[in-house]
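K.L.:
Quick one: the structure is below, questions incoming.
The values are calculated or read from the model by the stated rules, or taken from the named source; none is laboratory data. Here the structure is a predicted model, which means the values were calculated and not measured. Neighbour counts are summed over all protein chains in view; Cβ atoms, including those assigned to glycine, are modelled from backbone coordinates with ideal geometry.
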Amino acid sequence: MQKILVEGGNLLKGKVKISGAKNSAVALLPAAILAESSVTIEGLPEISDVETLSDLLEEIGGKVSKSDQTITIDPSAMTSMPLPNGKVKKLRASYYFMGAMLGRFKQAVIGLPGGCYLGPRPIDQHIKGFEALGAKVTNEQGAIYLRADELRGARIYLDVPSVGATINIMLAAVRAKGKTIIENAAKEPEIIDVATLLTSMGAKIKGAGTDVIRIEGVDHLHGCRHTIIPDRIEAGTYTILAASQGEEVVIDNVIPQHLESLLAKLREMGVEIVEGEEQLTVRPGARLNSVDVKTLVYPGFPTDLQQPFTALLTKANGTGVITDTIYQARFKHIDELRRMNAQVKVEGGASIVTGAVKLEGAKVKASDLRAGAALIIAALMADGVTEITGVEHIDRGYERITEKLLALGANIWREEMSEQEVEQFQNS
Ligand SMILES: CC(=O)N[C@H]1[C@@H](OP(=O)(O)OP(=O)(O)OC[C@H]2O[C@@H](n3ccc(=O)[nH]c3=O)[C@H](O)[C@@H]2O)O[C@H](CO)[C@@H](O)[C@@H]1O
Ligand SMILES: C=C(OP(=O)(O)O)C(=O)O
């Protein structure tokens, strides 16, 4: 087990290249199950979620070959092997095996997913969608059993515009008989990316990226080649980092339109951002002012950037309030930031950050992926050395984060934890 150490104070300068989007990758890989021949995905991020999903694809008989950021999946020998335990518990997106296996085999047994704990994360809308398509769904000892004699298109209204439910229903509906309409669908860019892959495989999908998606089921889906979109959350994290501790940082391989809500808030704070076609140049202004932020579904401010943004607000002048309307309990990073001298309190579904505080290095624990990003940002601003445990969460979603930051001039490194530290970590 590793820990990340950061000695704060260095100003960051240079260019950082953003990897492929985690939240696309984790759906594109299971989507390959639906094809009858090989699917090649280019530009995948080298993160542990991608490794775990590749292993799961192999467990059900897929042939997976990798070369750098390209993965080819030959799904022809896959079977509807039950996956009730094991690696499915390591990440959230294993739930996409439900939709993809249901679409291909009309049956699946998948353990309830893991992933970041952000408060309750139900999957009732996924199940409602599968049932509407004609599947019988039961929950037996922590695993979801899905079976359908035949999948039939249906009109499905999502009670909440869930990213996972929208994609999962698309995965099953592309192989249903007739037309499916998903209303109140989520509109995140990753949904468009998955629809683009499925369309290249021969699916008929209209409206991805709007709140009504129409799918006409087909009998066969073939292999294809697809290039993933850049990770807007990784790009947002480095943009926040550049605003907090940058001299001038260029964020490369980004779709600026995917980050408009964040960029608007940063400009309101006084950060200078120049938008290019695929780049952002970020220069912190002379004075950072606090702002309030409310997370919303896309194109609103993403919940996945609220924790990193909290770290930035500790530096700004004034008090900022961050309200998370998606995950009301996504505040586990706050206690850790407080160990670093941050003046933050949580009230109801909001964190209230008193800014212009000098952070101090401390021993802290990343409870989840974006909490980890928040702690790294705080550590880069802090006096002294910060030790961050829980690195396995960070490695689920940030490709080579220590190397990328080192190249920007940060003083950051990894160390193996001693047996005693591992024991303390596991008991904490
Ligand atoms: C792998 C992946 O893409 N993860 C992202 C995805 O997670 P995930 O797909 O799990 O998130 P959802 O969009 O489904 O969740 C949004 C909201 O809907 C609620 N809900 C969701 C499903 C359901 O069946 N019932 C229900 O009530 C959730 O509790 C939450 O309050 O979108 C989240 C919201 O942008 C991001 O934080 C995650 O990074
Ligand atoms: C919450 C996240 O991931 P997951 O849904 O995979 O747990 C995230 O990417 O911030």
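K.L.:
So which residues in the range 127-161 are among the β-branched types (V, I, T) and touching a residue at least 12 places away in the same chain (Cβ under 8 Å)?
P.N.:
Selection gives I127, I144, I156, V160.
K.L.:
Would you check which residues across the range 226-245 are more than 16 Å from the chain's Cα centre (by Cα) and in a helix (DSSP H, G or I) and list them? Lay out the reasoning, then the answer.
P.N.:
Our first condition is that a residue be more than 16 Å from the chain's Cα centre (by Cα); within the range 226-245, this holds for 226-227, 239-245.
Hits for the range 226-245 are T239, I240, L241, A242, A243, S244, Q245.
K.L.:
Just for the range 282-306: of the residues that are closer than 24 Å to V250 by Cβ and assigned to a helix (DSSP H, G or I), which one is farthest from ligand 2 (Cβ to nearest atom)?
P.N.:
Per the stated criteria, the residue is L305.
K.L.:
Only one residue in A154, A143, A148, A93 is in the same structural domain as E188 (by TED's automatic domain parsing), surrounded by 20 or more Cβ atoms within 10 Å (Cβ to Cβ) and farther than 25 Å from G390 by Cα. Which one? Can you show your working first?
P.N.:
Working: A154 fails: surrounded by 20 or more Cβ atoms within 10 Å (Cβ to Cβ); A143 fails: surrounded by 20 or more Cβ atoms within 10 Å (Cβ to Cβ); A93 fails: farther than 25 Å from G390 by Cα.
Just a single option satisfies the conditions, and that option is A148.
K.L.:
Can you pull out the residues in the range 200-215 that are of a type in the set (V, I, T) and either touching a Leu at 6+ places or on another chain (Cβ under 8 Å) or surrounded by fewer than 21 Cβ atoms within 10 Å (Cβ to Cβ) (or both)? Step through it out loud before you land on a result.
P.N.:
Step one: of the range 200-215, the residues of a type in the set (V, I, T) are 205, 210, 212-213, 215.
Within the range 200-215, I205, T210, V212 meet the criteria.
K.L.:
Is there any pair with a first residue in the range 114-126 that is under 18 Å from I167 (Cα atoms) and a second that is modelled with pLDDT under 85 and more than 6 Å from ligand 1 (Cβ to nearest atom) whose Cβ atoms are under 9 Å apart and which are 6 or more apart or on different chains, and what are they?
P.N.:
Sorted first by the residue in the range 114-126, then by its partner, the pairs are R121/G115.
Every residue, every condition in (1) within 16 Å of ligand 1 (Cβ to nearest atom); (2) more than 17 Å from E360 (Cβ to Cβ); (3) of a type in the set (A, V, I, L, M), yes or no:
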site	(1), (2), (3)
R287	no, yes, no
V293	yes, yes, yes
Q306	yes, yes, no
Q328	yes, yes, no
E336	no, no, no
R339	no, no, no
A342	no, no, yes
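K.L.:
N184 fails exactly one of the following numbered conditions: (1) over 14 Å from G129 (Cβ atoms); (2) out of contact with any helix residue (DSSP H, G or I) (no Cβ under 6 Å at 6 or more places or on another chain); (3) in contact (Cβ under 8 Å) with a residue 12 or more places away in the chain. What is the number of that condition?
P.N.:
(1)
K.L.:
Is there any pair linking a residue in the range 240-252 that is buried (at least 20 other Cβ atoms within 10 Å of the Cβ) to one that is in a helix (DSSP H, G or I) and among the β-branched types (V, I, T), with Cβ under 6 Å and at least six apart or on different chains, and which?
P.N.:
Close Cβ pairs satisfying both conditions: L241/I377; S244/I377; I251/T239.
K.L.:
Now for a separate question. Collect the residues in the range 128-182 that are of a type in the set (D, E, K, R) and either over 29 Å from G86 (Cβ atoms) or within 16 Å of ligand 2 (Cβ to nearest atom) (or both), keeping them in residue-number order.
P.N.:
Going through the range 128-182, the residues of a type in the set (D, E, K, R) turn out to be 128, 131, 136, 140, 147, 149-150, 152, 155, 159, 175, 177, 179.
Listed by number, the residues that qualify are E150, R152, R155, D159, K177, K179.
K.L.:
Now for a different question. Show me the strands (runs of 3 or more DSSP E) found entirely inside the range 345-428 where at least 1 residues are among the aromatic types (F, W, Y) and surrounded by fewer than 16 Cβ atoms within 10 Å (Cβ to Cβ).
P.N.:
Numbers: elements: 350-354, 363-365, 385-389, 411-416.
Fully inside the range 345-428 and qualifying: 411-416.
K.L.:
Run V274 past the list (1) surrounded by fewer than 18 Cβ atoms within 10 Å (Cβ to Cβ); (2) at pLDDT below 95 and report the number of the one that doesn't hold.
P.N.:
Every condition holds for V274 apart from (2).
K.L.:
So how many residues does the range 170-199 have that are surrounded by fewer than 23 Cβ atoms within 10 Å (Cβ to Cβ), not in a helix (DSSP H, G or I) and not small (G, A, S)?
P.N.:
Qualifying residue count for the region: 6.
K.L.:
May I pose another question? Take the range 284-297 and flag every residue that is out of contact with any helix residue (DSSP H, G or I) (no Cβ under 7 Å at 6 or more places or on another chain) and modelled with pLDDT of 95 or more. Steps first, please.
P.N.:
Taking the range 284-297 and keeping what is out of contact with any helix residue (DSSP H, G or I) (no Cβ under 7 Å at 6 or more places or on another chain), we get 285-287, 292, 294, 296-297.
Result: D292, K294, L296, V297.
K.L.:
Look through the range 17-68, keep the residues that are part of a strand (DSSP E or B) and under 22 Å from H393 (Cα atoms), and return whichever of them is farthest from ligand 2 (Cβ to nearest atom). Break it down into steps so the answer makes sense when it comes.
P.N.:
Going through the range 17-68, the residues part of a strand (DSSP E or B) turn out to be 17, 20, 39-42, 63-67.
Next, from what is left, pick out any that are under 22 Å from H393 (Cα atoms): 17, 20.
Values: K17: 19, G20: 14 Å.
Ranking the qualifying residues of the range 17-68, first place goes to K17.
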